[in-house]
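Report on one structure; see the data block that follows.
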Amino acid sequence: MKSFHHINAKTVTEAVKLLKAYKGKARLNAGGTDLLGILKDRILPDYPEAIINIKTIPRLDYIKEDTKGLKIGALARLSDIAKSSAVKETYQVLSAAASAVATPQIRNMATIGGNLCQDVRCWYYRYPNLIGGRILCLRKGSGPCHAVTGDNRYHAILEGKKCFAVCPSDIAIALTALDGKIKIAGAKGVRTVPVKEFFKPLGNGLESDEMVTEIQVPRPPERARQTFLKFTLRKPIDFAIVSVASVIKFENEICTDAKIVLGAVAPTPIQATKAEEIIKGKAIDDITAAKAAEATIAGAKPLSMNAYKVEITKKLVERAILPKDN
């Protein structure tokens, strides 16, 4: 790694002031499970001048529940979220997503804020500078998406345009299904944005002087069935090839409301609104589930090597919306 200033922030206000002072040339460090790899491989054209350690900010790792819902501090570890009785009892899709991230060692270090803000895993974007030089692309400021004509096995099949790298966050998929929001502190003040609006085609919605401080999740509907499914090549450790999070409400076996969200198939979490419309007002059987799955991937445009994701997506959607005893 190259040299940089390392600063232990004591408060959110101090961290924000430091981000503003360094004018985009500082990076925050919480668990470090993503940042350290970026620094070691020097994948970014502009190496940060400072690393601001926010683990030193006290009382930002809480998990609290009240009558309105759940509040999680940005420094809460994924392992603690997965084990939380409050999360397991009422927000099962979030608990399952947290449990599915990487390995126990990584979950013991990684934070929910870091998981939401992690960088994409595209191997062109992540190509190390020490092995022939970093590869420039639009996400880094200039250049084409090399996945279009290259090895694109794990890239987007939906809504890919100038960049086909997929959103890598399992937590983001679950929180989108739960209508979660992200609280952000910055030099201009505090704002809250829905998780589904936080992600952009070329990154996330944070300004250079902003940081995530809290995740807010409203209580899901009573009698809602929550499911998180993730297909990987190596189950214990891999990022998703395809993932699906669903929150489906039933009354007398009839679906009255539904939220279905896809992960690892697009640059952002994708809500399968057509599939939701198909199952609402119906008793879900194999035929209805199959129709919903087909609608989910109706607009898919696979690249040369990732058409296999289409069938995986369909099967996961079917499994997510069918009753457990089907």
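Data for the structure
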{"quantity": "Restricting segment 150-195 to residues that are in contact (Cβ under 8 Å) with a residue 40 or more places away in the chain and polar (S, T, N, Q), the residue that is nearest to R107 (Cα to Cα)", "calculated": "S169"}
{"quantity": "Segment 182-215, residues that are under 18 Å from L75 (Cβ atoms), part of a strand (DSSP E or B), in contact with a Gly (Cβ under 7 Å, 6 or more places away or on another chain) and β-branched (V, I, T)", "calculated": "V212, I215"}
{"quantity": "Options V101, V87: the member that is touching a Ser or Thr at 6+ places or on another chain (Cβ under 8 Å) and modelled with pLDDT of 95 or more", "calculated": "V87"}
{"quantity": "Residue identified as under 29 Å from T33 (Cα atoms) and in contact with a Ser or Thr (Cβ under 7 Å, 6 or more places away or on another chain) among V212, V261, V217, V244", "calculated": "V261"}
{"quantity": "Subset of segment 268-313 [assigned to a helix (DSSP H, G or I), open to solvent by 30 Å² or more (accessible area, probe 1.4 Å) and among the charged types (D, E, K, R)]", "calculated": "K274, E277, D286, K291, E294, E311"}
{"quantity": "Check on R219, touching a Phe, Trp or Tyr at 6+ places or on another chain (Cβ under 7 Å), open to solvent by 30 Å² or more (accessible area, probe 1.4 Å), touching a residue at least 60 places away in the same chain (Cβ under 8 Å) and not aromatic (F, W, Y)", "calculated": "no"}
{"quantity": "Boolean, L44 is in contact with a helix residue (DSSP H, G or I) (Cβ under 9 Å, 6 or more places away or on another chain), of a type outside the set (S, T, Y), open to solvent by less than 50 Å² (accessible area, probe 1.4 Å) and assigned to a loop (DSSP other than H, G, I, E, B)", "calculated": "yes"}
{"quantity": "Complete set of residues in segment 228-254 that are under 20 Å from L158 (Cβ atoms), of a type outside the set (A, V, I, L, M) and in contact with a strand residue (DSSP E or B) (Cβ under 6 Å, 6 or more places away or on another chain)", "calculated": "F228, K230, F231, S243, S246"}
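Listed here are the residues, each with its yes/no results for (1) out of contact with any Cys (no Cβ under 8 Å at 6 or more places or on another chain); (2) charged (D, E, K, R); (3) modelled with pLDDT under 95; (4) surrounded by 21 or more Cβ atoms within 10 Å (Cβ to Cβ).
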site	(1), (2), (3), (4)
E159	yes, yes, no, no
F164	no, no, no, yes
G180	yes, no, no, yes
G186	yes, no, no, no
G189	yes, no, no, no
V195	yes, no, no, yes
V212	no, no, no, yes
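The values are calculated or read from the model by the stated rules, or taken from the named source; none is laboratory data. If you're wondering where the values come from, they're calculated on a predicted model, not measured in any experiment. Note: ideal-geometry Cβ built from the backbone for every residue, glycine included; neighbour counts use all protein chains shown. Please note that ligands, DNA and RNA were not included when accessible areas were found on the heavy atoms of the full protein model with its side chains. Shrake-Rupley method; radii C 1.70, N 1.55, O 1.52, S 1.80 Å.
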